[in-house]
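Working notes, structure below.
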Amino acid sequence: MEHIFKDSKSCIEYFKKRNLNKSHVVDVLVEFILLYDFQDILNGFLQEDVVRRDTVGVVFSSEFDKNDEEYFGENKVLFYYGTDEDWEDIVTHEELCNYLEAACDFYIEKHPEHTEDTEKLLLKIKAKYNVKD
């Protein structure tokens, strides 16, 4: 348990050093990196079908019609961590890619054997949203 707490803390610092400070995006990604199969998570981002639980998850604006009450803007991604509406952050596709790049870099530091696959998935995600380096 102490190992996960330590990794969680260092991962949060990793995002902060890159000025990626949307806390609920960071919280969700830290959980995905440490507690899930991160390769599956990246594939989920590519397919716009990422894990959703009652208290943690990702929602893509493309899931809603512009007239829907829940619609939160074009080309956006909502991260939630908790059950309250105050516990969510919305990012653009470009911001999403910035957060995912940091998450991938941290993940690769911990799992260098997954470098090639992780980098390929990130490039595919960036290409999907026309995000350049």
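The values are calculated or read from the model by the stated rules, or taken from the named source; none is laboratory data. Quantities reported herein were computed from a predicted structural model and do not represent experimental measurements. All Cβ positions, glycine included, derive from the backbone under ideal geometry; neighbour counts span all protein chains shown. These accessible areas exclude ligands, DNA and RNA; they are computed on the full protein's heavy atoms, side chains included. Shrake-Rupley method; radii C 1.70, N 1.55, O 1.52, S 1.80 Å.
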- Query: Mind checking whether some residue in segment 82-97 is open to solvent by less than 60 Å² (accessible area, probe 1.4 Å), touching a helix residue (DSSP H, G or I) at 6+ places or on another chain (Cβ under 9 Å) and modelled with pLDDT under 95?
  - Reply: yes
- Give the number of residues within segment 62-83 that are under 15 Å from residue 25 (Cβ atoms) and outside any loop (DSSP other than H, G, I, E, B). 6
- Message: I need a count of the residues in segment 2-61 that are within 18 Å of residue 122 (Cα to Cα), in contact (Cβ under 8 Å) with a residue 24 or more places away in the chain and open to solvent by 70 Å² or more (accessible area, probe 1.4 Å).
- Response: 1
- Item | Lone qualifier among 109, 101 - being outside any loop (DSSP other than H, G, I, E, B) and either open to solvent by 90 Å² or more (accessible area, probe 1.4 Å) or among the polar types (S, T, N, Q) (or both) | 109
- Item | Flag for residue 34 being part of a helix (DSSP H, G or I), within 10 Å of the chain's Cα centre (by Cα) and closer than 20 Å to residue 80 by Cβ | no
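Among the residues of segment 29-55, what is the count of those that are farther than 14 Å from residue 107 by Cβ and among the β-branched types (Val, Ile, Thr)?
Total meeting the criteria: 3.
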- Within segment 37-61, how many residues are under 22 Å from residue 119 (Cβ atoms), of a type in the set (Asp, Glu) and not in a helix (DSSP H, G or I)? 3
- Test residue 79 against the criterion of being under 15 Å from residue 129 (Cα atoms), open to solvent by less than 60 Å² (accessible area, probe 1.4 Å) and among the aromatic types (Phe, Trp, Tyr), and give yes or no. no
